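Remarks on the structure that follows.
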Amino acid sequence: MFALSSKLRPSCLRDLSFKPFTLNSQASSYQANRQNRSFATTAASGNSIVFVDGVRTPFLQSGTDYKDMLSYELQKHAVLSLLRKLQLNAAEIDYLVVGTVIQEAKTANVAREVALTAGLPLSIPAHTCTQACISANQAITQAAAFINAGMIKTAIAGGVEFLSDVPIRVSRKMRKLLLDANKAKGVSQYLSLLARIRLNYLNLELPAIAEFTTNETMGHSGDRLAASFRVSRKEQDEYAFRSHSHAEKAQKAGLLDDIAPITLSKKRIDKDNGIRVSNLEKMSKLKPAFVKPHGTVTAANASFLTDGASACLITTEAQAKKLGLKPKAYIRKAVFTAQDPADQLLLGPAYSTPKVLNEAKLSLGDIDVFEIHEAFAGQVLANLKALDCEWFCKEYLKRSEKVGQIPMEKVNAWGGSLSIGHPFGATGTRLLTMAANRLIKQDGRYGLIAACAAGGLGHGMIIERYPN
């Protein structure tokens with residue numbers, strides 16, 4: 001198992017400070033940092049891949065207002081809302097790709113079902129991809145790859161997750177018996193099958209957020225990772241409080257304008273419902289959720305089960321101009337990484353961040369905006385400590401020196417998955433959209449997106465603000 005805690009040097013175990021957040025405090029420093037930077041491009045002029053804009057449904061806690069819907073309905077709302085926002089004719093779309101994790105069996109290829117039920121031209125191909133919590137990230141990069149390959153010019157990419165109604169299966173023994181029953185002939189064979197039923201046949205199989213290869217839940221992995229990097233319970237609670245506080249301020253300031261309101265049973269839903277600013281004293285009294293009684297991950301410093309969908313438009317710079325659209329950002333580089341899920345399940349950002357920076361020929365200091373997926377507060381803080389740990393970077397990343405310290409004021413300044421919510425298949429688009437919107441609001445140039453995912457996977461992406 002992961003044994004970093006016994007080897008980490010004291011310099012790797014610094015406490016992370018959380019400074020008060022003001023919405024406009026960073027613009028001047030961002031402007032100053034834009035000077036004398038190398039320009040990283042991935043395509044010839046006009047053929048650069050651009051992110052035009054993105055939208056999402058309000059992210060809601062599972063079991064609340066979306067509970068009677070189906071996943072394709074949420075995704076359809078996101079896709080149609082994007083087209084309305086951009087005032088774009090659906091006939092201009094060449095492809096639709098959607099990420100999701102826990103699929104509804106009736107709509108396994110949810111992307112195609114969305115295309116068919118949303119009234120999009122029947123000629124638009126669509127497929128669904130899955131890569132755990134970075135499924136939407138994968139959808140976006142697949143769209144970009146199709147465009148780079150010359151297969152298409154314009155694509156909608158996004159993702160959806162609907163955890164209010166997940167597939168619950170009967171036991172495998174019962175499934176086998178039921179399949180045998182389809183072949184049974186006559187009363188005697190049916191009675192023989194009924195006689196085989198045992199009480200444990202009635203056990204149900206519920207989806208679990210656990211690794212197939214290790215059988216460990218993600219929460220347990222988060223607890224172990226926090227312990228390995230000596231991220232205290234206090235640090236985790238403070239970070240979670242920061243996430244909710246930032247999200248609440250951004251929400252009140254109207255900065256979360258990627259939300260496409262939805263009306264259900266005459267009720268208009270236009271806000272995420274998981275943003276709740278508590279206080280550190282109450283948070284400190286919560287019991288551990290996974291490793292009991294000494295764990296540090298609790299309901300307050302972990303992301304919650306969320307329903308939601310997202311969509312964005314990916315195309316080339318030349319095609320955007322042809323369609324009369326102004327992009328928000330260039331997509332400069334994207335990478336995927338993989339580690340051993342047994343001991344580095346949630347360290348994706350620590351691996352993908354230096355890799356994507358190297359690919360883009362940029363440094364940490366060049367990045368104005370960081371959007372890091374928040375599965376757990378301890379996971380975010382452990383990754384930040386890993387990047388600033390010389391021993392970890394040399395031993396595991398095989399670097400000659402540490403990556404460096406990321407300024408906290410640049411990280412998730414409008415909240416993150418802990419507060420806004422984390423629909424597994426949809427979060428990647430939210431990260432990209434928020435990074436682009438923050439670059440515009442804060443007059444920055446480069447943004448970096450990083451995320452971890454089940455299976456020990458990681459994703460990193462560099463975007464560059466589109467010029468005014």
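The values are calculated or read from the model by the stated rules, or taken from the named source; none is laboratory data. None of the values given here were measured: they were computed from a predicted structure. Because the Cβ atoms are built from the backbone with ideal geometry, glycine has one as well, and the counts that use them run over all protein chains shown. Protein only, heavy atoms only, side chains kept; ligands, DNA and RNA dropped before computing areas. Shrake-Rupley method; radii C 1.70, N 1.55, O 1.52, S 1.80 Å.
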* To do: Kindly report the accessible area of the range 50-123 per residue (heavy atoms of protein chains, probe 1.4 Å, no ligands, DNA or RNA), in Å².
  => 40
* Structure fact -> Mean Cβ-within-10 Å packing, highest first, puts peptides 185-195, 126-136 in the order 126-136, 185-195
* **Centre separation in Å (Cα based) which lies between the range 429-450 and the range 74-110** => 22
* Structure fact -> Farthest towards the positive end of the dipole of the chain, among 293, 308, 197 and with Cβ unit charges of +1 on Lys and Arg and -1 on Asp and Glu, lies the Cα of 197
* Structure fact -> Neighbours of residue 294 by Cβ distance under 11 Å: Lys/Arg at +1, Asp/Glu at -1, summed charge +2
* Asked: Relative contact order for the range 99-234: what is it in percent, counting Cα pairs under 8 Å that are at least 6 residues apart?
  -> 20
* **Gap separating the Cα centres of the range 208-249 and the range 126-194, nearest whole Å** => 28
* Where the only charges are on Cβ atoms (+1 Lys, Arg; -1 Asp, Glu), what is the dipole of the range 254-394 about its Cα centre, to the nearest 20 debye? -> 460
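Given 4 °C and 1.567 mPa s, how large is the Stokes-Einstein diffusion coefficient of the range 334-402 in µm²/s, with Rh as the Kirkwood radius over Cα pairs?
Working: Rh = 12.6 Å.
Stokes-Einstein gives a translational diffusion coefficient of 103 µm²/s.
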* To do: Towards the positive end of the charge dipole of the chain, with charges on Cβ (+1 Lys, Arg; -1 Asp, Glu), say which of 208, 47, 88 has the farthest Cα.
  => 208
* Asked: Binned at 5 Å from 0, what are the whole-percent values of the Cα-Cα distance distribution for the range 201-268, short to long?
  -> 3, 11, 10, 12, 12, 13, 16, 13, 7, 2, 0
* Asked: Considering only protein heavy atoms and a 1.4 Å probe, what is the carbon-and-sulfur percentage of the accessible area of the chain?
  -> 53
* Excluding residues fewer than 8 places away in the same chain, name every one of the lysines whose C-alpha is closer than 20 Å to that of residue 285. => 234
* Net charge near residue 342: determine it from the other residues with C-beta under 15 Å of the C-beta of residue 342, scoring Lys and Arg +1 and Asp and Glu -1. => -4
* **Proximal lysine pairs, the range 307-435, alpha carbons under 13 Å, eight or more residues apart or interchain** => 6
* Ignoring ligands, DNA and RNA, what accessible area per residue does the range 370-424 give at 1.4 Å, in Å²? -> 25
* Asked: If packing is taken as the mean number of other Cβ atoms within 10 Å per residue, what is the order of 276-289, 207-220, highest first?
  -> 207-220, 276-289
* Packing-based ranking, highest mean first, of 330-336, 115-121 given that Cβ atoms within 10 Å are counted -> 330-336, 115-121
* Structure fact -> Listed by chain and number, the lysines with an alpha carbon less than 20 angstrom from that of residue 183, same-chain partners under 8 positions apart left out, are 173
* Cα pair count fraction exceeding 41 Å, expressed as % - the chain -> 18
* Could you give the spread of the C-alpha atoms of the range 101-166 along their three principal axes, from largest to smallest, in whole angstroms? => 38, 27, 13
* Dipole of the range 330-468, positive end: most advanced residue of 423, 386, 369 [Cβ charges, Cα centre] -> 369
* Asked: What ³J(HN,Hα) values, in whole Hz, does the Karplus curve 6.51 cos²θ - 1.76 cosθ + 1.60 give for the range 165-171 when θ = phi - 60°, with x put for Gly and Pro?
  -> 9, 9, x, 10, 9, 6, 4
* Based solely on its DSSP helices, what 222 nm [θ] is calculated for the chain when runs of n ≥ 4 H residues each add -39,500 (n - 2.57) and the sum is averaged over all residues, nearest 500 deg cm²/dmol? -> -10500 deg cm²/dmol
* Point-charge dipole on Cβ atoms (K/R +1, D/E -1) for the range 231-300, about Cα centre, debye to 20 -> 360
